[in-house]
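Visitor: My questions all concern the structure below.
Bear in mind that the values in this text are calculations on the coordinates, not laboratory data. Worth saying up front: this structure is predicted, and the values here are computed from it rather than measured. With ideal geometry, Cβ positions are generated from the backbone for all residues, glycine too; neighbour counts draw on all protein chains shown.
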C-alpha cells in the first residue's frame, strides 16, 4: 500500500515560468491537503480538497496559485509566473473521509521548488 | 497569540531523556499532534492526544497536555542518534480539517 506520492521531488523553475506539483493520495483516501514550508519555518496550510471540490482554500495566495483534485488522477498544485519567494517545500497530505483529525494525516515526501 | 510556539533547538546526549515543549493557541483544539521530520523527508506522525486527556504514553514517547496553559510536551526516553530530527507540534483549531504547525524544534543527539 503505497503512501502519499508526490512528484517531482525537486523542481527548478526560472522566474515567470509555471510550476506544476502532483500528489497522489494513499489508496482509499479521498481528502487531500497542501502545505507549504518556507526555509526554517513550520508548515502553513494552503488548501483542502476532495474529489472535484475545493473545501477550504483560506491559505492559498490570492493570485497565481490554484489547486485541483479531479475525479481521475492526482491532485495538482499550480503556480503561475513563479517568483523567488515561491521557493519552498510543498507537502501534500491525505486522509480518509471523516477521520483525518483523529488519526492524523499521512504526508508525502514533498516537492522542493527552487526558483532561479 | 496566533502562532504555535516551540523552541528552535535542543541538544541532548545519547541515552538521556529529551523534552520538547510547545505552546498552542486554541483551547478548543480537539486533537494535538507531534510529527517528526528527518532531513529531506516528509512528516511522520509520531503520536497524538485528544484534548480530554492529560497524558499519553507510547513506548519511549510520553505526551503531556496542560489545557489550562495550552502547553504540550513530548518526552523521548533513552534518546538515540536516530531520534535526531525536527519535531513539530500541531493543533486542529475549532475542529478544523487543516492543521496549524509550530516552527519545529531541531533535536540533535550527541553520541
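Visitor: Taking square-rooted eigenvalues a ≥ b ≥ c of the alpha carbon gyration tensor, is region B:1-103 rounded, prolate or oblate, where a/c under 1.5 means rounded and, failing that, a/b exceeding b/c means prolate?
Guide: On the way: a/c = 1.83, a/b = 1.49, b/c = 1.23.
Prolate, since a/c reaches 1.5 and a/b exceeds b/c.
Visitor: Could you grab the relative contact order for chain B? Cα pairs under 8 Å, six or more apart, rounded to a whole percent. Walk me through the intermediate numbers first.
Guide: Numbers: 278 pairs, mean separation 42.4, N = 111.
The value is 38 percent.
Visitor: Could I ask something else about it? Return the calculated 222 nm mean residue ellipticity for the protein assembly as shown, to the nearest 500 deg cm²/dmol, obtained by summing -39500 (n - 2.57) across DSSP H runs with n ≥ 4 and dividing by the residue count.
Guide: Numbers: 1 runs with 4 residues, N = 227.
Value at 222 nm, helices only: 0 deg cm²/dmol.
Visitor: Would you work out if region A:52-99 is rounded, prolate or oblate? Take a ≥ b ≥ c from the square roots of the eigenvalues of the alpha-carbon gyration tensor; rounded if a/c is under 1.5, else prolate when a/b is larger than b/c, oblate otherwise. Before the final figure, lay out each step's value.
Guide: Working: a/c = 1.94, a/b = 1.79, b/c = 1.09.
Prolate, because a/c is 1.5 or more and a/b exceeds b/c.
Visitor: Over what distance in Å are the Cα centres of region A:34-81 and region B:37-102 separated?
Guide: 24 Å
Visitor: Rounded, prolate or oblate for region B:53-108? Axes are the square roots of the Cα gyration tensor eigenvalues, ordered a ≥ b ≥ c, and the cut-off for rounded is a/c under 1.5.
Guide: On the way: a/c = 2.31, a/b = 1.42, b/c = 1.62.
It comes out oblate by the Cα gyration axes.
Visitor: Residue B:25 label point, 7 Å along Cα→Cβ, cut-off 16 Å on backbone N: hits in region A:40-60?
Guide: A:41-47, A:58-60
Visitor: So what is the relative contact order of chain A, in percent, for Cα pairs below 8 Å that sit 6 or more residues apart? The partial results should precede the final answer.
Guide: Details: 292 pairs, mean separation 42.5, N = 116.
It comes to 37 percent, rounded to a whole number.
Visitor: Using just the Cα positions, wrap the protein assembly as shown in a convex hull and report its mean projected area in square nanometres, one decimal place. Don't skip to the end; give the middle numbers.
Guide: On the way: hull surface 50.6 nm².
Answer in nm², one decimal: 12.7.
Visitor: Please report, in Å, the Rg and the Dmax of chain A, where both are computed over Cα atoms only.
Guide: Taking only Cα atoms of chain A, I get Rg and Dmax of 13.4, 40 Å.
Visitor: Separation between the residue A:116 and residue B:41 pseudo-spin-labels, each 7 Å from Cα along Cα→Cβ, expressed in nm?
Guide: According to this spin-label approximation, the distance is 2.9 nm.
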